[in-house]
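Right, one structure below, let's go through it.
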Amino acid sequence: MTQGTGEDEAAMARALDLAAGVRTSTSPNPWVGAVVVTPLGTFPGATEPPGGRHAEIVALQAAGPAARGATLATTLEPCSHTGRTAPCTDAIIEAGVARVIVAIEDPDPNVAGQGIARLEAAGIDVVVGVLAQGARAQLAPYLTHRTTGRPYVVLKLAATMDGRTAAPDGTSQWITGEAARADAHRLRAESDAVVVGAGTVRTDDPTLTVRHAGGPDPLRVVLGHAPEGAKVRPALELQGDLGLVLDDLGERGVLQALVEGGAAVAHDFHAAGLVDRYVLYLAPALFGGDDARGLFAGPGAPTLDDVWRGHIVSTTQLGDDLRIDLEAA
C-alpha cells in the first residue's frame, strides 16, 4: 500500500464532486464518485439510483479498454460482495486496473476491508486515505447508519438574530428569505425522512414536501398523531422513546433524518444528545423582547458549565440570511 500523490488528490477531488451530484438519488446506497485516470483522459462515474450501476462500474465502462493499466479513484471502498449488482472488485480486476485510490474504507459488514484485500490479493496497488476527511464529511449519514444502525440526525432551526422563532401570537412563517428557504428544501431533499411533532402539524399544517429545490420528497414522520385531513398525510406516526424511534427509522433504511420542529421536539432531541448536526438559519431581524418564542421549549442548562458547546463547521450567506452548521465539539 503506497502513499497518494498530488495527482491522486486531484482525481479524488473530482470523484468527490461527482458524488455530490448524485446526493439525492442513491439512498439507501451511498453516494459515491469515481474516476478512471488514463493517458487518454479521465473518465467519470457516479452511483446510479438503487439497482443501477455503482460509481466504479460507470467509470470503468466509460473508459473501456483504456482502463487497462490505469488508476481508479473512488470515494468509498469498492464492494466485494453480490447485492443488487455484481462485486465492483471483480470488475476492477477484470478491467486490468493497475492502481486503486480509496478515500475511506466502507464500514458495512459486507465490505469492511474485504474489498481492499481482494484488490491487493490480485496484485493491484491500493492507496487508502486520500482526501479522507472530505469523504467522511460527505458520507456522514451513510457511515452513521452503517456503524450505529440509526440515521444521521440533522436538526434544522430558523430564527431571528435574537434567537426567536415565532411572535407571541404564534405567527412564524417566513422568518427567513427565499434563498434560505430554497436551501432548507435542498436539505429536505437530501434527507430520507423529515420529522415533526404533532403539535407543529396541528399549528402549521405543513406539507413537508420538496418544492423550492430539486429532489425527492422524504418520508414524512409525525411524533404523535396527525389529525385527519392534515396536509402531512400520508405519514408515518411514531411515538415513545426517541432512541427507539431512530432505531425504527434506521431499520427502514433511513440514512438521514431531518428534524424540523417544533420547539419541544427540538429540545427533546437536543437534550437526549441525539443530534449529529445543527443547521441554523439566522435572519437579519429582531423581535426585540423576551415574549417571542425561542428555539427550544423545555428546561435548558442549569449552569454555564452545563451549556452545550460545539464547533462551527461552516457558514454560508444566503441572500440576507446566514446558515450556520454546527457539530458537537
* Asked: Looking at Ala34, is it touching a Pro at 6+ places or on another chain (Cβ under 9 Å), surrounded by 21 or more Cβ atoms within 10 Å (Cβ to Cβ) and modelled with pLDDT of 95 or more?
  -> yes
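With respect to Ala135, determine if the residue is in contact (Cβ under 8 Å) with a residue 40 or more places away in the chain and among the small types (Gly, Ala, Ser). Steps first, answer last, please.
Working: in contact (Cβ under 8 Å) with a residue 40 or more places away in the chain: yes; among the small types (Gly, Ala, Ser): yes.
It is true that Ala135 is in contact (Cβ under 8 Å) with a residue 40 or more places away in the chain and among the small types (Gly, Ala, Ser).
Collect the residues in segment 157-167 that are among the charged types (D, E, K, R) and either without any contact (Cβ under 8 Å) to a residue 24 or more places away in the chain or buried (at least 20 other Cβ atoms within 10 Å of the Cβ) (or both), keeping them in residue-number order.
In the first step, residues of segment 157-167 are kept if they are among the charged types (D, E, K, R); the result is 162, 164.
Of everything in segment 157-167, just one residue is among the charged types (D, E, K, R) and either without any contact (Cβ under 8 Å) to a residue 24 or more places away in the chain or buried (at least 20 other Cβ atoms within 10 Å of the Cβ) (or both), namely Arg164.
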* Asked: Given the residues Val201, Val210, which is the only one that is in contact with a helix residue (DSSP H, G or I) (Cβ under 7 Å, 6 or more places away or on another chain) and of a type in the set (A, V, I, L, M)?
  -> Val210
* Give the residues of segment 28-37 that are in contact (Cβ under 8 Å) with a residue 60 or more places away in the chain and in a strand (DSSP E or B), sorted by residue number. => Val36
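Residues being among the β-branched types (Val, Ile, Thr) and either under 16 Å from Ile104 (Cβ atoms) or assigned by TED's automatic domain parsing to the domain that holds Gly215 (or both): count how many of those fall in segment 22-34.
Residues meeting the conditions: 1.
Need at least 1 residues that are of a type outside the set (Phe, Trp, Tyr), modelled with pLDDT of 95 or more and in contact with a Cys (Cβ under 7 Å, 6 or more places away or on another chain) per element, so show me which helices (runs of 4 or more DSSP H) inside segment 38-150 make the cut, counting only ones lying wholly within it.
Numbers: elements: 55-63, 88-95, 114-121, 132-138, 140-148.
So the answer is 55-63.
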* Could you count how many residues in segment 17-50 are in contact with a Gly (Cβ under 6 Å, 6 or more places away or on another chain), closer than 20 Å to Gly214 by Cβ and not hydroxyl-bearing (Ser, Thr, Tyr)? -> 4
* Enumerate the pairs (first residue in segment 237-257 and closer than 19 Å to Ala226 by Cα and touching a residue at least 12 places away in the same chain (Cβ under 8 Å); second residue anywhere and part of a helix (DSSP H, G or I) and of a type in the set (Phe, Trp, Tyr)) with beta-carbon separation below 8 Å, excluding pairs fewer than 6 apart on the same chain, so at least 6 apart or on different chains. => Leu242/Phe269
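The values are calculated or read from the model by the stated rules, or taken from the named source; none is laboratory data. Just so it is clear, the structure is predicted and the values come from calculations on it, not from any experiment. Here the Cβ is made from the backbone with ideal geometry for all residues, glycine too, and neighbour counts use every protein chain on show.
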